[in-house]
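Notes to accompany the following structure.
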Amino acid sequence: CWIVIHGKVYDVTKFVPIHPGGSLIMDGAGGDCTSMFESYHPLYITKKGASEQYQIGEVRDYSPFYSWDGQFYQTVKSRVEKALPMNKRRYSNVLFAKCAIILTLYFISLYLYMTKLNIWSTLFYGLVCSQVGVNIMHDGNHGAFTNNKVITWIAGATLDLLGSTSVVYKRSHNFGHHGCVNHFELDRSFDTCLLYTSDAADDLLCVDLGGRRIIKKK
């Protein structure tokens, strides 16, 4: 497992089993993990930097996407850590109650959708699915639901209830999106395609939101 942090290459293969964040570090394997390192760790760790014992090289002509040393980022992060101290970020009874209510509504809406299959059951099911995604699976797949890795993994796996996959999401969202937010060429959130057919060329044309085009013959 090789990663890049601030232009330096690290072989963290032996570190992964003892990494406090677990296998989450594997989501960025083979790529630039600077943004993940900076955003997932508190300031006292990021200021020290990654352990030099794992460094094996440097990236030639490295150019960071963000200005991590800028005063703006340092100020915002310090204020967030002050407003949300470590002991208040997780294990909230409100969070668990909200999770229980949403999951209960999910199974109720799924039952209604499967048995009624009308516009109202469909809308209800879609609304509840969105709440599962926003309130449970997102925090779980970011490793931020609780300090318990099993519970957090289960929270992230609720995405699979919705017909998607938490395995791909962790890689494409945590690394592919948060590593380069709103970058048209790199942000994986722009991989969503709009499909339509071209009668003139008899082609299947895929235009993604980043402006790239892929034309595939039928």
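The values are calculated or read from the model by the stated rules, or taken from the named source; none is laboratory data. None of the values given here were measured: they were computed from a predicted structure. With ligands, DNA and RNA removed, areas are computed over all heavy atoms of the protein, side chains included. Shrake-Rupley method; radii C 1.70, N 1.55, O 1.52, S 1.80 Å.
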| message | As a test question: what accessible area, to the nearest 10 Å², does Cys33 have when a 1.4 Å probe is rolled over all protein chains in place? | response | 10
| said: Under the 0.36 nm per residue contour assumption, what length would be gained going from the current alpha-carbon distance of Met86 and Asn182 to full extension? | reply: 31.7 nm
| said: Restricting everything to alpha-carbon atoms, can you work out Rg to Rh for the stretch 96-146 with a Kirkwood hydrodynamic radius? | reply: 1.06
| task | Return the Cα extents of the stretch 34-178 along principal axes one, two and three, sorted largest first, each rounded to a whole Å. | result | 59, 34, 28
| message | In whole percent, and with a 1.4 Å probe on the protein chains, what portion of the accessible area of the stretch 12-93 is carbon and sulfur? | response | 55
| said: I need the semi-axes of the equivalent ellipsoid of the stretch 45-110: take the C-alpha gyration tensor, multiply each eigenvalue by 5, square-root it, list largest first in whole angstrom. | reply: 39, 19, 14
| query | Lys47: accessible area at probe 1.4 Å, nearest 10 Å²? | reply | 150
| task | Using a 1.4 angstrom probe on the protein heavy atoms only, line up Val168, Val132, Val16, Val94 by accessible area, largest first. | result | Val94, Val168, Val16, Val132
| field | Solvent-accessible surface ranking, highest first, for Asp27, Asp160, Asp69 at 1.4 angstrom | value | Asp69, Asp160, Asp27
| For the stretch 128-170, what is the accessible area per residue in Å² when the probe is 1.4 Å? | 46
